[in-house]
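> One structure, pasted below without further comment.
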Amino acid sequence: MTALAPDSVTPADLSIVDASASDYTRIGDITVDAYLAAGHFDDPNHEYLQFVRQVGARHEHSRILVAKRGSQIIASMSLMEYGSAYADVARPGELEIRMLSVDPAIQRTGAGRAMVKAAVAHARSLPGVHTVSLTTGGHWVAARALYEHMGFTHQSERDWFVPDTEIRLVVYTYAL
């Protein structure tokens with residue numbers, strides 16, 4: 001794999017498109033690498049990390065978008081409508097962002113922001129959707145700052161813990 005330069009990403013640098021089956025391995029790798037780099041897991045074989053690698057199964061129940069710089073996938077996310085088997089926090093009228101991950105080599109360059117903007121644009125195109133929701137780690141300072149800067153609001157009454165762990169997840173929403 002070619003190393004990615006950590007320079008800023010502009011919208012002109014990126015194409016955000018629907019994922020295809022040929023992207024599944026890269027999507028799984030980015031997601032696992034991002035979670036490991038952030039210190040959320042110590043073991044790359046953790047049960048949840050094996051779950052996020054099951055991209056094909058998730059794609060059957062969601063829309064998965066990837067961000068490409070040139071031909072290289074640098075970010076991905078899954079978009080779940082209320083009622084999806086993979087939705088964690090979506091309520092009626094909400095589109096949920098899940099597993100938004102940016103290659104650790106280029107985090108904090110604008111790719112995550114571009115992905116969130118794409119999710120909001122997609123949500124606006126869906127009839128009956130009035131809110132974008134997402135969950136992030138309670139101690140994920142950079143992610144929380146990004147969402148807050150983009151106008152998402154912390155919904156503390158919807159926060160929850162990963163089952164059988166002490167990992168607190170916080171819920172944010174963005175009204176369209």
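> Can you run phi through the Karplus equation (6.51, -1.76, 1.60; θ = phi - 60°) for the range 68-82 and list ³J(HN,Hα) in whole Hz, with x for Gly and Pro?
10, 10, x, 9, 8, 6, 10, 7, 8, 7, 10, 10, 10, 8, 3
> For the chain, calculate the relative contact order in percent as a whole number, restricting contacts to Cα pairs under 8 Å that are 6 or more residues apart. Before the final figure, lay out the partial values.
Details: 305 pairs, mean separation 34.2, N = 176.
After rounding, I find 19 percent.
> When a/c is below 1.5 the answer is rounded, else prolate if a/b is larger than b/c, else oblate, so apply that to the range 63-128 with a ≥ b ≥ c taken from the square roots of the Cα gyration tensor eigenvalues.
Taking the square roots of the gyration eigenvalues as a ≥ b ≥ c, the range 63-128 is prolate.
> I've got another one for you. Send over a whole-number figure in Å² for the accessible area per residue of the range 42-116, probe 1.4 Å.
Details: 3250 Å² over 75 residues.
Roughly 43 Å² per residue, with all protein chains present.
> Within the chain, which whole H helices from DSSP have a Cα span along their axis of at least 15 Å and a mean Kyte-Doolittle hydropathy of 0.0 or more, if any? Each step should come with its number before you reach the end.
Values: long enough: 24-37 (19 Å, 0.34); 111-124 (20 Å, 0.33).
Both cut-offs are met by 24-37, 111-124.
> Can you run phi through the Karplus equation (6.51, -1.76, 1.60; θ = phi - 60°) for the range 13-18 and list ³J(HN,Hα) in whole Hz, with x for Gly and Pro?
Couplings: 6, 10, 10, 10, 9, 5 Hz.
> Can you give me the C-alpha center-to-center distance between the range 28-60 and the range 64-128, rounded to a whole angstrom?
16
> Within the range 75-176, report the GluC sites (Glu not before Pro) that DSSP leaves as loop and that have at most 14 other Cβ atoms within 10 Å.
On the way: sites: Glu81, Glu94, Glu96, Glu148, Glu157, Glu166; in loops: Glu166.
Sparse-neighbourhood loop GluC sites (Glu not before Pro): Glu166.
> Then there's this: Leaving out ligands, DNA and RNA, and with a 1.4 Å probe, what % of the accessible surface on the range 72-146 is carbon or sulfur?
On the way: 1540 of 2890 Å².
Of the solvent-accessible surface of the range 72-146, carbon and sulfur hold 53 percent.
> From the helices alone, meaning DSSP H stretches of at least four residues, give me the mean residue ellipticity at 222 nm for the chain, per-run term -39500 (n - 2.57), in deg cm²/dmol to the nearest 500. Mind showing how you got there, number by number?
On the way: 5 runs with 48 residues, N = 176.
Result for the chain: -8000 deg cm²/dmol, rounded to the nearest 500.
> To continue, here is another question. Taking only C-alpha pairs under 8 Å that are 6+ residues apart, what is the relative contact order of the range 45-144 in percent? Kindly include the intermediate steps, with their values, before the conclusion.
Numbers: 138 pairs, mean separation 21.6, N = 100.
Relative CO of the range 45-144 lands at 22 percent.
The values are calculated or read from the model by the stated rules, or taken from the named source; none is laboratory data. No experiment lies behind these values; they were computed from the predicted model shown. Cβ: placed from backbone, ideal geometry, glycine included. Neighbour counts: every protein chain shown. For accessibility, only protein heavy atoms count, side chains too; no ligands or nucleic acids. Shrake-Rupley method; radii C 1.70, N 1.55, O 1.52, S 1.80 Å.
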